[in-house]
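Please read the structure below before turning to the comments.
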Amino acid sequence: MASEIWAQKKISGRAITINELDLTPVLIVNISSGKSILSDMSGKFEIEAKENDEIRFVKEGYYRIDKKITGDDFNSPLSIILKKMEIQIPEVKIKYKPTGNLAKDNQHLNESRKIQSLKSDLENYMKSPLYQPLPNNAISKTFTGHDFNAGQVNVLGVLSAVAGLVNKATKPKITKANYNETQDFLKRVRNEVNLGFLKKYGMGEEEIDAFLLYADKTRSLAKRFRKDFQISDVEYELKVAFAEYSKTNKLEGAKE
């Protein structure tokens, strides 16, 4: 009985920047138990833990923090400070070394007069009004033959239009998802969508959680699909998001 009470303990706190600004959302993972949650809009969090558990704090663009829980951590809220990653600016190499002679340096660095004149002419042409009508790209009736649909009702077109109106009327209205709705949506994605393509890239549970947050943020997944959860549509959007995510995070090719 005592062990059960001990297992149900929780730690709480707030994730902030060095300048004490709120961070949201931050992924908080209990490495020891495998449980994870997201901080709220103020950076506040609460997660189940016990003494000696290892808790990890992850935020895109920031260095992750690992903390081992002690007995004192249950008595007062934690203050987790995440440090922003430095952005390395690529070195710019100047092939031409200025001589100090303005006439010579301008000749080398500036565009030639011919190119400047051509750009100016093109710009003036694009800004000028259209004096001649655009040609009609339709095929002349002389070559099209008899139109057997002339005067007939396009039944398929009418049915398609009616179906479109019905679908539009029955689909739920898209609204912004709050924190709890987003959490529930991400859990449903975890349980119902095949995420095998992520595991092929060697992504663990923590990396998958971080990617799902990225996908939701960039593709508005919870906002668009939580009320109309179509697995094929969600999976397609995840793969679109992953194409950009893999470039940004420089993921290697799929593992066998």
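The values are calculated or read from the model by the stated rules, or taken from the named source; none is laboratory data. Because the structure is predicted, anything quoted here is derived from the model rather than measured. Reconstructed Cβ throughout: ideal geometry from the backbone, glycine too, with neighbour counts over all protein chains shown.
Taking the listed residues Glu46, Glu60, Glu51, the one that is assigned to a strand (DSSP E or B) and among the charged types (D, E, K, R) is Glu46, with no other qualifying.
Here Leu212, Leu221 are screened, and the one residue that is in contact with a Leu (Cβ under 6 Å, 6 or more places away or on another chain) and among the aliphatic types (A, V, I, L, M) is Leu212.
Just the residues that are among the β-branched types (Val, Ile, Thr) and within 13 Å of Ala210 (Cα to Cα), please, taken from the range 53-81.
Val58
If you go through the range 63-83 and pick out every residue that is part of a helix (DSSP H, G or I) and either acidic (Asp, Glu) or closer than 16 Å to Ile37 by Cβ (or both), you end up with 2. Looking only at the range 18-29, residues that are of a type outside the set (D, E, K, R) and over 24 Å from the mean Cα position of the chain (by Cα) come to 2 in all.
Taking every residue in the range 113-131 that is part of a helix (DSSP H, G or I) and pairing it with any residue that is at pLDDT 70 or above, at least 6 positions away or on another chain, yields no pair with a Cβ-Cβ distance below 9 Å.
Among all positions in the range 7-22, there is no residue which is without any contact (Cβ under 8 Å) to a residue 40 or more places away in the chain, assigned to a loop (DSSP other than H, G, I, E, B) and surrounded by 15 or more Cβ atoms within 10 Å (Cβ to Cβ). The set of residues from the range 184-202 being more than 16 Å from the chain's Cα centre (by Cα) and in contact (Cβ under 8 Å) with a residue 12 or more places away in the chain comprises Asp184, Arg188, Arg190, Glu192, Val193, Asn194, Leu195, Phe197, Lys200, Tyr201, Gly202.
When Lys50 is tested against the conditions (1) under 26 Å from Ala215 (Cβ atoms); (2) in contact with a helix residue (DSSP H, G or I) (Cβ under 7 Å, 6 or more places away or on another chain), the lone failure is (1).
Checked against the criterion of being surrounded by fewer than 10 Cβ atoms within 10 Å (Cβ to Cβ), part of a loop (DSSP other than H, G, I, E, B) and modelled with pLDDT of 60 or more, the range 178-191 contains not a single residue that satisfies it.
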